[in-house]
Amino acid sequence: QAVIALIAIAALFPLVCGYFDFSLGANAIMSQVMAAGLMSVLGLPMWVSILASLGLGTLVGVANGYFVTRLHMSPFVTTLGMSMLLAGLMSWFTGGRTFVAGIDPALMSFGSTRLAGIPLVFFITLVVAAIAWYFFTHTPFGRSLYAIGSNATAAKLVGLPVRKNVWWSFIVAGFIAGSAGVLQLARVGSATASDGGTLLFPALAAVFLGATAIRPGFFNVWGTIVGAIFVSVSVSGLALSGASGWASNVFNGVALLSAVALSTWLGRRHTKN
């Protein structure tokens, strides 16, 4: 579930500022479908297809940030609408097909590579997590995001460029989501259109579960990784035990609701203290 962990890390950037981005799952699927489609349908080289997909994923983040920070649109409605838009466009682009043929074997070989018996994408996720952790805890820009999420008005009064930094948080989230989509293509070797919910909601559950660990009451990178591992192990356990297909959705829903409730309570308790 390294791809879900990457989307969870992407979700951290706007969430730390106090904003949701519900388009991340659809953004990842769009990048996966576009990379596969450009190779399969148009016959473009792998590196061109990947760069184009990453560029589109980043562009979605730019659009979300513009709508939220410049037009002052609700982030909830804006990103949810963007998710629906991307799902519709991908359904049109694929025509209901699943792209399998024409995908560069080198990409699939990369996705199946293992180091010490562990998929390479897992180590990539750890590297991205380490970079995100350093960004949030050791850079002025990263720490400013926490200040904005804590009190945007106070952050603005002390001179922080609130609107600019929030916009950049959406851009970074879009880029990471696009990267997750490319890794998903490398792992499964095919792509089909969907709304991205199967990637988004487990990722959100991991983020909010992460706010109950490591630094209770705060969104944090390593807590998110722990949450992603918990969700992954639990869902895999349900599948191996022969549970019905609906059991995974029920678990993800319960985990998300419980994590949101617990992280909110911990955050309020920390504020009171």
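The values are calculated or read from the model by the stated rules, or taken from the named source; none is laboratory data. The shown structure was predicted, so the numbers you read here are calculated from the model rather than taken from an experiment. Reconstructed Cβ throughout: ideal geometry from the backbone, glycine too, with neighbour counts over all protein chains shown. Protein only, heavy atoms only, side chains kept; ligands, DNA and RNA dropped before computing areas. Shrake-Rupley method; radii C 1.70, N 1.55, O 1.52, S 1.80 Å.
The alpha carbon radius of gyration of the chain, expressed as a multiple of 2.2 N^0.38 Å, is 0.99. Taking the chain as a Gaussian network of alpha-carbon nodes connected by springs under 10 Å, the highest mean-square fluctuation of the residues T198, T98, T139 belongs to T139.
Counting only protein heavy atoms and a 1.4 Å probe, tell me what percentage of the chain's accessible area is made up of carbon and sulfur.
Exposed carbon and sulfur together represent 70 percent of the surface.
For the options N165, N249, N220, a Gaussian network treatment of the chain with springs between C-alpha atoms closer than 10 Å singles out N249 as fluctuating the most. If you average the sequence gap of Cα pairs under 8 Å that are 6 or more apart and divide by the length of the chain, what percent do you get for the contact order? After rounding, I find 33 percent. Measuring only protein heavy atoms, the 1.4 Å probe finds I131 accessible over about 110 Å².
Please state the shape class of region 35-142: rounded when a/c is under 1.5, otherwise prolate if a/b exceeds b/c and oblate if not, all from the C-alpha gyration tensor. Oblate, because a/c is 1.5 or more while a/b does not exceed b/c.
Taking all protein chains as shown and a probe of 1.4 angstrom, K164 keeps an accessible surface of around 120 Å².
Legend: residues W133, W168, W92, sorted from most to least accessible area (1.4 Å probe; ligands, DNA and RNA excluded), read W92, W168, W133. Going by Cα centres, region 43-103 and region 104-133 are how many Å apart? Cα centres, region 43-103 to region 104-133: 23 Å. Within the assembled protein chains, the solvent-accessible surface assigned to V172 is about 40 Å², based on a 1.4 Å probe. With protein chains left intact and a 1.4 Å probe, residues in region 1-133 average 44 Å² of accessible area per residue.
In region 22-164, taking the dipole from charged Cβ atoms about the Cα centre, the farthest positive-side position among I29, V77, S112 is held by V77.
Classify region 104-218: rounded, prolate or oblate, from the alpha-carbon gyration tensor (a ≥ b ≥ c, eigenvalue square roots; a/c under 1.5 rounded; otherwise prolate if a/b is larger than b/c)? Verdict is prolate for region 104-218.
Dipole orientation for the chain: of the candidates L56, S194, A132, A132 has the Cα lying most toward the positive pole (charges on Cβ; Lys, Arg +1; Asp, Glu -1).
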